[in-house]
Amino acid sequence: MSLGDKAKDVTQKVVGKVEEAVGKHTDDAELKHQGQKDQVMGEGRLETEKAKDHLDGH
């Protein structure tokens, strides 16, 4: 996994956490849901890249 890809995926998770927190504090269910979705997507991509690295022997 390239460092740039990892940074992008981690950034998406962090942004998702912020969106979720803002959504909770402002009672914005849509923003909260989007934040949760972003977190799951970022984590999923990280896990996919880790699996690829493992198969490639990195």
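For the structure I just gave you, tell me whether VAL18 is among the hydrophobic types (A, V, I, L, M, F, W, C) and at pLDDT 95 or above. Judged against the criteria, VAL18 is a match.
The residues of segment 9-27 that are surrounded by 15 or more Cβ atoms within 10 Å (Cβ to Cβ) and of a type in the set (Asp, Glu), listed by number, are ASP9, GLU19, GLU20. The numbered conditions (1) touching a Lys or Arg at 6+ places or on another chain (Cβ under 6 Å); (2) open to solvent by 50 Å² or more (accessible area, probe 1.4 Å); (3) touching a residue at least 24 places away in the same chain (Cβ under 8 Å) are all true for LYS6 except (1).
Please tell me if THR48 is of a type in the set (S, T, N, Q), at pLDDT 95 or above and either more than 9 Å from the chain's Cα centre (by Cα) or open to solvent by less than 60 Å² (accessible area, probe 1.4 Å) (or both). So THR48 fails the test. Pairs meeting the criteria (first residue in segment 19-34 and in a helix (DSSP H, G or I), second residue surrounded by fewer than 16 Cβ atoms within 10 Å (Cβ to Cβ), beta carbons under 7 Å, at least 6 apart or on different chains) are GLU20/GLN36; GLY23/ALA29; LEU31/VAL22; LYS32/LYS24. The number of residues in segment 8-47 that are of a type in the set (A, V, I, L, M) and closer than 21 Å to GLY57 by Cα comes to 1. Reported count of residues in segment 26-58, each being closer than 15 Å to ASP9 by Cα and among the polar types (S, T, N, Q), is 3.
The values are calculated or read from the model by the stated rules, or taken from the named source; none is laboratory data. Owing to the predicted nature of the structure, the values given are computational and were not obtained by experimental measurement. Neighbour counts run over all protein chains shown; Cβ positions are idealised from the backbone, glycine included. Heavy atoms of the whole protein, side chains included, go into the accessibility calculation; ligands, DNA and RNA do not. Shrake-Rupley method; radii C 1.70, N 1.55, O 1.52, S 1.80 Å.
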